[in-house]
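Structure first, then comments.
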Amino acid sequence: MVISIANQKGGVAKTTTAINVAAGLALAGYKVLLIDADPQTNVTQVFIHPQVEIQLDQSLYNVLVNFAPLSPIIRATTVRNLDFVPSHIRLSGVDLELAQAFDNRSARLRQALQPIQNRYDYIIIDNPPSLGLLTINSLVASQGLIIPVSTAFFALTGLVQLQETITMVQQHQLNPTLSILGVVCTFTEATNVSRDVEGQLRQHFEGLVFETTIPKNVALEEAHSNHTHVFEHAPTSKGAEAYKALIQEVLNRP
């Protein structure tokens, strides 16, 4: 199954969710590919030290722009069963480059995944905080979408546009089978604002909101700075326990 982690609003724990869901599924015995489709390269920096330079032809950029095969740029991680595809800062210009293309500009990632998709049980895609052609490529390639939403003021900003983009992808026959796998509340804490926003999300999305919420937890940030996932860095932390529960919900959803 191909799952996009997307929300055009920044700072909602998209990358944290992508890394820890992918790592958790891999630790549970599933073969997982994690794709960094964000020009900020945060996933890449977790699995490759920032001082190690990723060459352009070894990144997702080469696949989307030059139709290069995906298989040669897939890298193993130190996590058993988890591979990943690195990003590159040049992805920041891909929307403009693809906008000028006439051939398959919205489905290049889906096309690239086809030869390798059967190798993996799950393919997780971390997306940029935008609704440009990078994100649309991910939505076209995916069966499911997980939307992380921070339970802070202005949390609902942009969700209408995201839903409109999903509808556009479905109705224009780019990917009619795309569905929202779930909405996950992130950065939850014991404040009135956090509780109110979570309530609004549950009212708006009804049964699509996961029961599990991801608390504001320093161990999640510390894991990134130590170039690993939370299950290795702090396996008994509240953040690790929350993502374990979220993964179970993901596995139980059709």
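Any idea which of 173, 143, 161, 203 is on the phi > 0 side of the Ramachandran plot and of a type outside the set (Gly, Ala, Ser)?
173
So is residue 16 touching a Leu at 6+ places or on another chain (Cβ under 7 Å) and buried (at least 20 other Cβ atoms within 10 Å of the Cβ) or not?
yes
Could you look through the range 26-76, keep only residues that are within 24 Å of residue 13 (Cα to Cα) and aromatic (Phe, Trp, Tyr), and pick out the one that is surrounded by the fewest Cβ atoms within 10 Å (Cβ to Cβ)?
Checked the range 26-76; the qualifying residue surrounded by the fewest Cβ atoms within 10 Å (Cβ to Cβ) is 30.
Need the failing condition index for residue 172 against (1) of a type outside the set (A, V, I, L, M, F, W, C); (2) modelled with pLDDT under 90; (3) surrounded by 21 or more Cβ atoms within 10 Å (Cβ to Cβ), just the number.
Unmet condition: (3).
Would you check if residue 78 is among the hydroxyl-bearing types (Ser, Thr, Tyr), part of a loop (DSSP other than H, G, I, E, B) and closer than 18 Å to residue 225 by Cα?
yes
Read through the list (1) in a loop (DSSP other than H, G, I, E, B); (2) under 28 Å from residue 99 (Cβ atoms); (3) out of contact with any helix residue (DSSP H, G or I) (no Cβ under 6 Å at 6 or more places or on another chain); (4) among the hydrophobic types (A, V, I, L, M, F, W, C), then give the number of the only condition that residue 162 fails.
Here residue 162 meets the rest and fails (1).
Given the conditions (1) outside any helix (DSSP H, G or I); (2) closer than 22 Å to residue 159 by Cα; (3) among the aliphatic types (A, V, I, L, M); (4) modelled with pLDDT of 95 or more, report the number of the one that residue 35 does not fulfil.
Of the numbered conditions (1) outside any helix (DSSP H, G or I); (2) closer than 22 Å to residue 159 by Cα; (3) among the aliphatic types (A, V, I, L, M); (4) modelled with pLDDT of 95 or more, the odd one out for residue 35 is (2).
Could you check, for the range 98-114, whether at least one of its residues is part of a strand (DSSP E or B), buried (at least 23 other Cβ atoms within 10 Å of the Cβ) and in contact (Cβ under 8 Å) with a residue 40 or more places away in the chain?
no
The values are calculated or read from the model by the stated rules, or taken from the named source; none is laboratory data. Note that the structure is predicted; figures quoted are calculated from it, not measured. Every residue, glycine as well, gets a Cβ built from its backbone with ideal geometry; the counts of neighbours run over all protein chains shown.
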